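Let me begin by presenting the structure, written as structure tokens, before commenting on it.
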Amino acid sequence: MAGDPLSGTNPQNPGAEIDLGRNNLDRAASPYLQQHRDNPVHWQVWGPQALAAAQAADRPILLSVGYAACHWCHVMAHESFENPEIAAVMNRLFVNIKVDREERPDIDAIYMNALHLLGEQGGWPLTMFLTPKGEPFWGGTYFPARPAFGRPGFTEVLEKVSEAYHDNRTAIAQNVKMLVGGLRNLAKPQSRDRLALSTEVLDQVAAQLLTHVDPGQGGIGGAPKFPQTGLFDLLWRHYLRSGSADAKQAVVTTITQMAQGGIYDHLGGGFARYSTDAEWLAPHFEKMLYDNAQLLAHMALVEAETQDPLLRARIEETVGWLLREMIAGDANGGGGFAATQDADSEGEEGRFYVWQKAEIDALLGAAAPLFCAAYDVTEQGNWEHKTILRRSRDPALKDAATEAKLAAARAVLFAAREKRVKPGWDDKVLADWNGLMIAAMAGLALQYDRPDWLAAAERAWGFVTGTMAVGDDRLGHSWRAGQLVFPGLLDDYAAMMGAGLALFEATGNPDYLAQAKRWGETVEAGYADAVNGGYFLTARDAETLVARTRTAADNATPSGNGQLVGVFARLWYLTGEIAWRERAQSLLDAFAGDVARNFFPMAAYLNGFDLFANAVQVAIIGRRGEPETEALLRAAYTVSVPNRILQVVAPDAALPETHPATGKTQIDGRATAYVCIGATCGLPVTSPGELAASLKATRAV
């Protein structure tokens, strides 16, 4: 579309005037907000009307941020928000606004940063107190209904905060000035000392990271443990580049312990968000699309090297869960991937997933002793007198006959579990999380020769680019029940651009590449920080909030700026258009100072730099759909080469002029592959085995 990609009217309807005397969440699309629609609290949906009503009433705002699968959000809801006496205090003293952090991560990021500026540890539910203009002045996370855990009761908190707001405006104004100023400063470079990025710096980061890995159980540090897939991707790249046995062991131990731990659903597939302990035993049971997308891509990268049947099984089982339980969309067949599955069912955390030994004995009969010994099932249980299935104490797979018996037992238990009341399902479709999963599925489809997986990725792409797009250039962030949250965030564009490039490599369809480029121009036009470099989280025509977030630090998902380093690098190599190289370099320069300060949240950025600096370009001269070409294409995905950039061109077509294989031809009229590093290409190869060997030769191992 010609002209300004950000031109046009924002289609998000601000809605009618609100009634502060009622709970208005019945008008919301978010399943999380719908969970609270019957609370006696007069909840409002975030928006200009709610803030205007707060200003008219001169009442402070109580902002509660959570998400549908959040266990402690449910706890606070049951204890406080469903309590008529506490709700009456909330309604009398505050304008109460409920936000789904997945639907509005821009709001969540601002007020979570404000909490950190107060010196508090973050988490959900996030409970922040704001002026009627939305300026933060104090907050916390979970507050018990009555004094507990060394914390005051929620009613006391409410009364003290309201009293401070009305009787001590000077102190409130000072807090607001400090917090809002701090939030705006966070968007500026935190260090003027730009680190000169290099492969040696990547190796130094990996060496430091290794000192924080738990050598026995894997993962970073102790309890709680999160997957932190980007950091382990960084370690895996270090292993492939340097041959470091310690890096390889750290990655293999971590993914093996996770794959056999209680964080993995051994009956239904899929990983929970994190483990509350150091052994990957007890999660909070919620399953998030973004975790499983990143873990699928990570496992595939490791499995390509190790050929570990455990990882292959976990990949197939997790994709099985995805396609069986996580397809969402509209009445016309949908196709997008849903966001989450809840931790709780029937009001109890983990109830759907845990077992008593007597249940298993009754269901499995003579097969029970073998299963119980393998999956840590005992009379006393391993978690709150119940059993979370796990195999991490003896993670090695058994002989084929034993594994077949265990698989049969799992099928019996899965069928029995299906009769239980299932956890809640958050079926909203998020563009950024879908982008991560689409990219993962595109790669998996080629690596494991699964055209059905590729078809699922393409269906999800079609849903996001159709139902969630506004014109050719604009994306929304979240869709559910016909309601689109618009405009999209930087992370939406970054992840969906990555998905488009993955689909382009997998299929050769130029429409995917063209769409990624269009979105790249939208990002440049509407999100760029012209002063400091990099990109803001929100568009310039988005709702005005108290601060505009700009960061390259990863959270549970990779940061938009971090992802864009790799996306721009890939666009440069695929197109030869120098603007993409310049944007990648500019983005690297904008956040180089942050790496020296703290590299831990910079994994996506650092892995993007690795791709930019150390790309392995594979050019296949052949026609798509012909057996020889397709065999070479699949072979390129069977070797663990995270910096692979692949193009297939017909014999009568041309690569970009900047490609080192430009001008090279087929050998004896056969589909032919060239593997290139920098400006140098290896000898032409025509068999899948030769291509795999050529790719392995680009690594230290």
State all residues of segment 218-243 that are assigned to a loop (DSSP other than H, G, I, E, B) and surrounded by 21 or more Cβ atoms within 10 Å (Cβ to Cβ); if no residue qualifies, say none.
GLY218, GLY219, PRO227, GLN228
Filter result for the condition that a residue is under 30 Å from TYR375 (Cα atoms) and either without any contact (Cβ under 8 Å) to a residue 60 or more places away in the chain or not basic (Lys, Arg) (or both), over ALA445, ALA407:
ALA407
When restricted to ARG324, ARG351, ARG314, the only residue of a type in the set (Lys, Arg) and either in contact with a helix residue (DSSP H, G or I) (Cβ under 8 Å, 6 or more places away or on another chain) or at pLDDT below 95 (or both) is ARG314
Taking the conditions exactly as written (within 36 Å of the chain's Cα centre (by Cα), modelled with pLDDT of 95 or more, in a loop (DSSP other than H, G, I, E, B) and farther than 18 Å from PHE504 by Cα), does VAL701 satisfy them or not?
no
Please find, within segment 379-426, the residue that is farthest from ARG324 (Cα to Cα) out of those that are part of a helix (DSSP H, G or I), open to solvent by less than 20 Å² (accessible area, probe 1.4 Å) and not basic (Lys, Arg).
LEU406
What number of residues within segment 16-49 satisfy the criterion of being in a helix (DSSP H, G or I) and more than 30 Å from the chain's Cα centre (by Cα)?
1
Condition first: more than 19 Å from ALA569 (Cα to Cα), assigned to a loop (DSSP other than H, G, I, E, B) and either of a type in the set (Val, Ile, Thr) or touching a residue at least 24 places away in the same chain (Cβ under 8 Å) (or both). Now tell me which residues in segment 641-674 satisfy that.
ALA650, PRO651, LYS664, THR665, GLN666, ALA671
For the structure I just gave you, tell me whether ALA584 is part of a helix (DSSP H, G or I) and either open to solvent by less than 30 Å² (accessible area, probe 1.4 Å) or touching a strand residue (DSSP E or B) at 6+ places or on another chain (Cβ under 7 Å) (or both).
yes
Being at pLDDT 95 or above and surrounded by fewer than 22 Cβ atoms within 10 Å (Cβ to Cβ) is the filter here; which residues of segment 146-156 pass it?
THR155, GLU156
Scan segment 501-513 and report the pairs whose first residue is small (Gly, Ala, Ser) and whose second residue is open to solvent by 40 Å² or more (accessible area, probe 1.4 Å), with Cβ atoms within less than 8 Å and a gap of 6+ or a chain change.
GLY508/ARG624
Could you list all residues from segment 113-134 that are open to solvent by 20 Å² or more (accessible area, probe 1.4 Å) and either over 28 Å from the mean Cα position of the chain (by Cα) or of a type in the set (A, V, I, L, M, F, W, C) (or both)?
LEU117, LEU118, TRP124, LYS133
Can LEU606 be described as assigned to a helix (DSSP H, G or I) and closer than 27 Å to GLY534 by Cα?
yes
Looking only at segment 468-484, filter to residues that are buried (at least 22 other Cβ atoms within 10 Å of the Cβ) and in contact with a strand residue (DSSP E or B) (Cβ under 7 Å, 6 or more places away or on another chain); which one of those is nearest to GLY520 (Cα to Cα)?
LEU475
Among the candidates GLY488, GLY462, GLY435, GLY443, single out the residue that is at pLDDT 95 or above, outside any helix (DSSP H, G or I) and open to solvent by less than 50 Å² (accessible area, probe 1.4 Å).
GLY488
For segment 92-106, check the following and say yes or no: at least one residue is without any contact (Cβ under 8 Å) to a residue 24 or more places away in the chain and either of a type outside the set (A, V, I, L, M) or surrounded by fewer than 23 Cβ atoms within 10 Å (Cβ to Cβ) (or both).
yes
What about LEU323, is it in contact (Cβ under 8 Å) with a residue 60 or more places away in the chain, touching a Leu at 6+ places or on another chain (Cβ under 9 Å) and either on the phi < 0 side of the Ramachandran plot or not in a helix (DSSP H, G or I) (or both)?
no
Open to solvent by 50 Å² or more (accessible area, probe 1.4 Å) and in contact with a helix residue (DSSP H, G or I) (Cβ under 7 Å, 6 or more places away or on another chain), is that true of THR638?
yes
Can you find a residue that is of a type outside the set (Val, Ile, Thr), under 22 Å from LEU444 (Cα atoms), touching a helix residue (DSSP H, G or I) at 6+ places or on another chain (Cβ under 6 Å) and open to solvent by less than 20 Å² (accessible area, probe 1.4 Å) anywhere in segment 642-665?
yes
Going through segment 122-147 one residue at a time, which ones are hydroxyl-bearing (Ser, Thr, Tyr) and more than 18 Å from VAL176 (Cα to Cα)?
THR141, TYR142
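The values are calculated or read from the model by the stated rules, or taken from the named source; none is laboratory data. Model, not experiment: these values are computed from the prediction. Neighbour counts are summed over all protein chains in view; Cβ atoms, including those assigned to glycine, are modelled from backbone coordinates with ideal geometry. Accessible surface areas use protein heavy atoms only, side chains included; no ligands, DNA or RNA. Shrake-Rupley method; radii C 1.70, N 1.55, O 1.52, S 1.80 Å.
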